[in-house]
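Below is one structure, written out as C-alpha cells, with a few remarks after it.
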Amino acid sequence: MSLSTLPLSYCTNVHPGKTVAEVTAKLWEHTVPARQKLGQKIAAGLWLAASVIEELQQTPAMMAEIQQVLADGDLVCYTLNAFPYGDFHRERVKENVYLPDWSNPERTRYTKACARTLAQLMPVGVEGSLSTVPLGFKGFEQPADFRSQCVRQLLELADDLDQLHDETGQVIRLAIEPEPCCVLETTPEALSFFDQLFAVAEEQQKLDVAQRHLGLCYDVCHQAVEFEAIGESIQQINQAGIRINKMHLTCAIQLRDPGARESARQQLSNFVEPRYLHQVFARNAQGRLAHRLDLTHELCAHPDEPFRSADAWRIHFHVPVHCEQLGELETTRSELKQGIAAAAMLDYAPHLEVETYTWGVMPGEKPATLSEGLVSELSATADLISAQRAMDAASGAAPENPVSE
C-alpha cells in the first residue's frame, strides 16, 4: 500500500497563461505566496498552453525563466496538465476544451512537446505525468474508426516517451482523464478502451511500452458526478492492469432532493456561467441516471422529469475541496476521502493534484486573494493525506516516490 510522498501538486490552469512571461508572473503572484503561507513545499502542476510550448520551442533559452521561478520560489514540478490546448480562460471554452482530440496528430505533437518540456523541469529521480483529454467529446461527429485512430496516435506517443526515457533517463507517463459526456467518461468505458489499446499494442509487440507509459488520470469529481462508487472503480482499474498515473483531488456539487428544495435550486442557479461546461447528472431511487450537457437557469427553475423526482443531482463544477457544504448545497468531499483511501491501497503511488480551476467563475464571497484559497485547499487536502498515511503506517505500509531534494 502506498500514497505519494511527493509534495502535493496544485494545477496552474486556475489562472491564465498564454505566454512564458504570463506563466512565470502568475507563479510569483499566486503559487509562491501559497507555498510561503503553507510553510511547506508544494508542486506546481503547470498548464502550458500550445502557445507557451511553441514559444519555448522557438526560444529554448526561455526554459530557464520557468526553471528559475521554480528554484527561487522553492517549488517542484513533476506533472503537467496537457489537457487544455488553447486559451483556457477565454470568454467561452465549453466543449472546445476537448480539441484537438486524440485522432488529430496535432494533439500528439503538442503532447510530445509537453513531455520534453517536463523532462527539463522535473527533479532527477522522480517520474513525471501528463494529464490529457478523454480521447474526445461525444457531442462531436466522429468517424467510425475514431478509436482506432486514437490508438495509433497514443502508441506513437508511447514510443516517443520510451525514446525520451532512453535519451534522458526520465520516465514520463500519460494520464488520460475520463470526463462526463466524453468518449471516455465511465470506468467501464475506460476499461473497454484500454482493452483495445493494449490488444493492438500486443499485436505490434509494444505492450510493455504501452503499459509503462499509458494510463489514466482519475479525477474524483468526474467519477463522482457519474455516481460511481469511487473505491470500487479504482479497484476495477487496478485489477484490469491499468495504471492510474495521476489523481485529481477534486469535488463536485451535490444537491439532494432537488424537486422539493426550490431555494437550493435557486442557489445552484448562481453557478450557471458561460465559460466552462458543467454537466449535470441526476439519480433516482432505483439508481438510474439522467444527464444534461450543461447547467442552465431553466433546469434550476423548472426541472422536468426525471430531474424533478431525482434523489440527487451532481454537477461537474469543481468547488473548493476543503468545503463539505456551500450554503444549501453539498459537495462530494466524502467521495474525495474515498478516493484517497483507495489510492492508498494500490501497490504504486499515483501523482496527487488539487485541480480547482473555477475560482474565477465561482459565485459568492471568495477569499481576498487566490493564494488564500489555494492555502485552504492544499492545507485541508494535506491533512486528509496525512491521516491516510498514518493509517498506512499503523498497518505497516511503506511510502513510495520520495521527492528528490
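Here are the numbers:
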| quantity | calculated |
| --- | --- |
| Label-point gap, in nm, between Ser269 and Glu365 - each point 7 angstrom along Cα→Cβ | 2.3 |
| Cα-centred dipole magnitude for segment 136-277, charges only on beta-carbon of K, R (+1) and D, E (-1), debye, nearest 20 | 500 |
| Radius of gyration, Dmax [segment 271-403; alpha carbons; angstrom] | 17.8, 53 |
| 3J(HN,Hα) from dihedral phi, segment 309-317, Karplus parametrisation 6.51/-1.76/1.60, rounded to Hz, x for glycine, proline | 9, 5, 5, 7, 10, 10, 10, 6, 9 |
| Total charge dipole magnitude, segment 297-371, about the Cα centre, Cβ charges on Lys, Arg, Asp, Glu only, Debye to nearest 20 | 200 |
| Highest-fluctuation residue, Val126, Val220, Val321 considered, GNM on the chain with Cα pairs under 10 Å | Val126 |
| When segment 144-237 is reduced to its Cα atoms, the Kirkwood hydrodynamic radius in Å | 14.1 |
| Helix-derived mean residue ellipticity, 222 nm - over the chain, DSSP H n ≥ 4, -39500 (n - 2.57), to 500 | -12500 deg cm²/dmol |
| Debye, to nearest 20: dipole size of segment 85-189, +1 on Lys, Arg Cβ, -1 on Asp, Glu Cβ | 220 |
| Per-pair calculated FRET efficiency, R0 = 35 Å: Ser395 and Arg92 via Cβ, rounded to 0.05 | 0.10 |
| Cα→Cβ-extended label distance, 7 Å offset, between Arg212 and Lys337, nm | 4.0 |
| The chain: most fluctuating residue of Asn13, Asn81, Asn238 per GNM, C-alpha cutoff 10 Å | Asn238 |
| The chain: most fluctuating residue of Glu298, Glu127, Glu273 per GNM, C-alpha cutoff 10 Å | Glu298 |
| Rounded to 5, percent antiparallel among DSSP beta bridges of the chain | 40 |
| Centroid-to-centroid separation of segment 83-156 and segment 214-228 [C-alpha atoms, Å] | 17 |
| Charge context of Gly231, other residues only, Cβ under 11 angstrom, K/R +1, D/E -1 | -2 |
| Listed residues Gly215, Pro188, Val225: farthest to the positive end of the dipole of segment 180-226 (Cβ charges) | Gly215 |
| Span-like helix ranges in the chain, DSSP H, alpha carbon extent 15 angstrom or more, Kyte mean at least -0.5 | 187-203, 333-344, 370-395 |
| Cα gyration tensor category, rounded, prolate or oblate, for the chain with a/c compared to 1.5 | rounded |
| ³J(HN,Hα), Karplus 6.51/-1.76/1.60, whole Hz, each residue of segment 20-25, x for Gly, Pro | 4, 4, 5, 4, 5, 4 |
| Listed residue (Ala175, Ala71, Phe140) projecting farthest to the positive dipole end of segment 56-183, Cβ model | Phe140 |
| Projected label distance in nm at Ser309 and Ser386, using a 7 Å step from Cα toward the beta-carbon | 4.9 |
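Values quoted throughout were computed directly from the atomic coordinates according to the rules given, and no laboratory measurement underlies them. Since the model is a prediction, treat every value here as computed from it, not as a measurement. Cβ coordinates were reconstructed from backbone atoms using ideal geometry, including for glycine residues, and neighbour counts include every protein chain displayed.
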